[in-house]
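The values are calculated or read from the model by the stated rules, or taken from the named source; none is laboratory data. Everything quoted here is computed from the prediction, not taken from an experiment. No Cβ is skipped: glycine too gets one built from the backbone with ideal geometry, and neighbour counts run over all protein chains shown.
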Amino acid sequence: MALKETLRARWFWYSVLCILSWGGWALLSKLGSREIPPETMQFLFTLGAVPVGLAVWAGRSFKLEKSPKGITFAVLNGVLAGIGGLTLFAAYHTNGNTALITSASALYPMVTVILAVLILRERIRPIQMLGLVFAAVAIVIFSF
Amino acid sequence: MHMPPWFWYTVITLVSWGVVGLLQKLSTNYISAESSLVWLVVGFLLLQPFFYPGAAVFHYSRWNLAWALLSGVLNALGAWALFIAMKSGGKASIVAPVTALYPLVVIVLVPFILHESITRLQIAGVISALIAVVLLSV
């Protein structure tokens, strides 16, 4: 019954769309990076992201909240996400193993959890601690 | 210790996206997830002058140019789908770890598309990484 309900839920199918989109993004990033250098990949990637940004903006009738703090954090987010994207394209461009690079780069919640503890003084939960242990094991294996 | 050449690039990705995860929490304290996505694209655009390729871009194959553009579309589309999933009743503690499994799509398709293979030890690493992202996002 629970499975039937989940399969009927809107959130479930949007989660599936998210997984497929991000899987496609990583795979196409690799395909393009075989020939195109990281800087140009990031330039083109952004051109691709702009129409979606515009569509989201249009979906909100071109109105956005005017919180200077919120906007500063979000713009800074874009700059940092762009730098992380650039180095991911660089990693793919080295011709390293695609499955390993994609799995390793997906470990970024590890850094978020550590920073949330150090900066936001959030408490680390036992399940997250276990997650950090698995992340550490993965990173050691990938470094060989 | 000899590290594969991609390793340090990926470490920079991990650290910058890790900070992004933290800033995302902070920005959505003040503005909606959609506004945050729009301003994030503005942040991407601020970097464009540094990466402008000029006419060199026309030397690359059409297919690879298309993949690069489409990768940007899919990345932003994925973020948008994630927000809608959360807004339409998906619990963050379920949606976040499930969507963090996107590398599975790559791992399944790569042997067919790029004919790459990985060792048994590396498979163990990939499984550890997937367990880690699920536990960290719960």
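For (1) within 7 Å of chain A (Cβ to nearest Cβ); (2) touching a Pro at 6+ places or on another chain (Cβ under 9 Å); (3) buried (at least 17 other Cβ atoms within 10 Å of the Cβ), each residue gets a yes or a no:
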position	(1), (2), (3)
B:Leu22	yes, no, yes
B:Leu26	yes, no, yes
B:Ser35	yes, no, yes
B:Trp39	yes, no, yes
B:Leu46	yes, no, no
B:Phe50	no, no, no
B:Gly54	no, no, no
Could you list, in sequence order, all residues of the stretch A:101-144 that are part of a helix (DSSP H, G or I), at the interface with chain B (Cβ under 7 Å from one of its Cβ atoms) and not aliphatic (A, V, I, L, M)?
A:Thr102, A:Ser103, A:Ser105, A:Pro109, A:Thr112, A:Gln128, A:Gly131, A:Phe134, A:Phe142
Looking at (1) without any contact (Cβ under 8 Å) to a residue 40 or more places away in the chain; (2) more than 7 Å from chain A (Cβ to nearest Cβ); (3) within 29 Å of A:Phe43 (Cα to Cα), which is the only condition B:Val134 fails?
(3)
Can you work out which of the residues in the stretch B:114-129 that are in contact with a helix residue (DSSP H, G or I) (Cβ under 7 Å, 6 or more places away or on another chain) and closer than 20 Å to A:Arg34 by Cβ is surrounded by the most Cβ atoms within 10 Å (Cβ to Cβ)?
B:Ile118
Report, by residue number, each residue of the stretch A:60-75 that is assigned to a helix (DSSP H, G or I) and either surrounded by 23 or more Cβ atoms within 10 Å (Cβ to Cβ) or within 7 Å of another protein chain (Cβ to nearest Cβ) (or both).
A:Lys69, A:Gly70, A:Ile71, A:Phe73, A:Ala74, A:Val75
Unmet requirement for B:Pro5, which otherwise passes all of (1) out of contact with any Phe, Trp or Tyr (no Cβ under 9 Å at 6 or more places or on another chain); (2) at the interface with another protein chain (Cβ under 7 Å from one of its Cβ atoms); (3) at pLDDT 95 or above
(3)
Could you go through the stretch A:89-97 and let me know if any residue there is within 16 Å of B:Gly21 (Cα to Cα) and crowded, with 24+ Cβ neighbours inside 10 Å.
no
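Residue-by-condition table, conditions (1) touching a Ser or Thr at 6+ places or on another chain (Cβ under 9 Å); (2) assigned to a helix (DSSP H, G or I):
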residue: B:Glu34; (1), (2): no, yes
residue: B:Asn64; (1), (2): yes, yes
residue: B:Leu74; (1), (2): yes, yes
residue: B:Leu101; (1), (2): no, no
residue: B:Leu109; (1), (2): no, yes
residue: B:His115; (1), (2): no, no
Modelled with pLDDT of 95 or more, within 7 Å of chain B (Cβ to nearest Cβ) and not in a helix (DSSP H, G or I) - does that describe any residue in the stretch A:76-94?
yes
Does the stretch A:40-50 contain at least one residue that is surrounded by fewer than 21 Cβ atoms within 10 Å (Cβ to Cβ) and within 30 Å of B:Ser61 (Cβ to Cβ)?
yes
